[in-house]
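Nothing in this text is a laboratory measurement; each read-out follows from the coordinates by a stated rule. The shown structure was predicted, so the numbers you read here are calculated from the model rather than taken from an experiment. For neighbour counting, all protein chains shown are included, and Cβ atoms are generated from backbone atoms with ideal geometry for every residue, glycine included.
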Amino acid sequence: MKPSSPTSVCCSDLADIEFCIQGTALTKAQGLFPSVDIGFDLRVQQPDKSWVVRCTLRDVCKLHTNLSQKVADPAFINEIARLAYPKQPFFNRRDTFVIKGLCVELDHYMDELLRLCRRFTATGNNTADANIVEQYVREFFASSATVAATSPI
């Protein structure tokens, strides 16, 4: 199936979302010092459509931080604080074993985060917080950082 553009992608329900890490790409990072970012290609699937989103560890950290800061529910905050998101490696960013390890860590983290968000939105205790969680997860999986938007090294 051909990947959809991010603006036409709308995640109907968090329970319908499935994902897997399809690949990686090294891209030049923006900033004062030249460095390399690892882009992870996430294949996002719903029952009727599928698309690929490229994210970096910085994007995952931003999602984690937004969910931690914007949601007021103490139980959710405690659970998300226990999740350890993958950290950016300082050395050997281009090493295939380092990248493979990051893929495993990212897959585990995203799986646990999505499971937590599904549980939280399904309980319906705090609808305002559930809407915030759903909004941030939807924005992440329908991110404007699609595969075509980044240039590989």
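How about segment 46-109: which trypsin sites (Lys or Arg not before Pro) there are in a DSSP loop, with at most 14 other Cβ atoms within 10 Å of their Cβ?
Counting only loop positions with at most 14 other Cβ atoms within 10 Å, the trypsin sites (Lys or Arg not before Pro) in segment 46-109 are LYS87, ARG94.
Within segment 11-108, which chymotrypsin sites (Phe, Trp or Tyr not before Pro) sit in a loop by DSSP and count at most 14 neighbouring Cβ atoms inside 10 Å?
Sites meeting the loop and neighbour criteria: PHE90, PHE91.
Going Cα to Cα from LYS70, which lysines come in below 30 Å? Please leave out same-chain ones fewer than 8 positions away.
LYS70 reaches LYS49, LYS62, LYS87.
Could you give me D for segment 6-149, from Stokes-Einstein at 10 °C and 1.306 mPa s, where the hydrodynamic radius is the Kirkwood radius over C-alpha pairs? Units µm² s⁻¹, please.
In µm²/s, the coefficient is 100.
Quick one: grab the alpha carbon gyration tensor of segment 8-82, order the square roots of its eigenvalues as a ≥ b ≥ c, and give me rounded if a/c is under 1.5, else prolate or oblate depending on whether a/b is larger than b/c.
Cα axes put segment 8-82 in the oblate bin.
Work through the residues other than ILE21 whose Cβ is under 14 Å from its Cβ and net out their charges, Lys, Arg +1 and Asp, Glu -1.
Spelling it out: positives minus negatives among the neighbours equals -3.
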